[in-house]
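A.B. asks: Below is the structure I would like to discuss, written out as C-alpha cells.
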Amino acid sequence: MKYFELFNIPVQLKVKEEGLHQKFIQLSRKFHPDYFINSPEDVQAEALENSALVNRAYKTFRNPDETIKYVLKEKEMLEEEEKYELPPSFLMEVLEINEQLMDAGVDTAGRLTPVIENLQIEIYAPVKEIVENYQEGITTREELLQVKEYYYKKKYLDRIRQQLTGIV
C-alpha cells in the first residue's frame, strides 16, 4: 500500500499520531521539489509526484474516516461511487432524527446534536476493536465488511451533522 509503505508504517485503520508529523516533515524535506531544481526533468517530475504523494498520505492519515476509506479501497472493498445499502433499522433511526430536525428547525438542532453523537458512539462500538487493533493478514474480510458498514453509517451521520451546523 503506497501510503503506508511511503511512511514506513504498518497498514492500520487508525494511524497513531505519535511520530506521524515528524515522519511527514522528514519525507517532505526528502522529496521537496526545490532540492531537485538542477536535476533532469524526469527526476524533478518524480520529486514533485512524491511530494504530492507525501501530502496526500499525511492528510489521509490525519483523518480517521479517510484512513478507513483508503484501506478499504486498497483492499478493493470500496468503490468510488458505490451505492451501499444501509440496514433499514439504521435508516429508520436517522429518518426520525431528520423529521425532528425538519419539524422544529433551529430549536431542535441543538438538542439533536447529542442524539447524533450518541448514535455515532453506538455504531462505532461494534467495530472499535477492529479499527484500533487492525493487523494486516489477521483481520478477516468479514471484519473489514463490518468496518465498511460503519464507514457508510458514519458518512450518513456526518451529512446530518452538516445540516445541523448549517441551521444553527
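A.B. asks: Got a number for residues in the range 22-56 being exposed (fewer than 15 other Cβ atoms within 10 Å of the Cβ), part of a helix (DSSP H, G or I) and aliphatic (A, V, I, L, M)?
C.D. replies: Of the residues in the range 22-56, 5 are exposed (fewer than 15 other Cβ atoms within 10 Å of the Cβ), part of a helix (DSSP H, G or I) and aliphatic (A, V, I, L, M).
A.B. asks: Does the range 117-140 hold any residues that are in a helix (DSSP H, G or I) and in contact with a Lys or Arg (Cβ under 8 Å, 6 or more places away or on another chain), and which are they?
C.D. replies: Result: GLN120, ILE123, TYR124, VAL131, GLU132.
A.B. asks: Could you please tell me which pairs satisfy a Cβ distance under 9 Å, a separation of 6+ or placement on different chains, a first residue in the range 24-39 that is at negative phi and in the same structural domain as ASN55 (by TED's automatic domain parsing), and a second residue that is among the β-branched types (Val, Ile, Thr) and modelled with pLDDT of 90 or more?
C.D. replies: PHE24/VAL54; LEU27/VAL54; SER28/VAL54; LYS30/VAL54; PHE31/VAL54
A.B. asks: Mind telling me which of the residues VAL11, VAL94 ends up being in contact with a helix residue (DSSP H, G or I) (Cβ under 7 Å, 6 or more places away or on another chain) and part of a loop (DSSP other than H, G, I, E, B)?
C.D. replies: One residue alone meets the criteria, VAL11.
A.B. asks: Here is a follow-up. Just give me the residues in the range 113-142 being over 20 Å from SER89 (Cα atoms) and crowded, with 16+ Cβ neighbours inside 10 Å, in sequence order.
C.D. replies: Listed by number, the residues that qualify are ILE130, VAL131, TYR134, THR139.
The values are calculated or read from the model by the stated rules, or taken from the named source; none is laboratory data. Note that this is a predicted model, so its numbers are computed, not measured. Note that we place each Cβ from the backbone using ideal geometry, even for glycine, and neighbour counts take in every protein chain shown.
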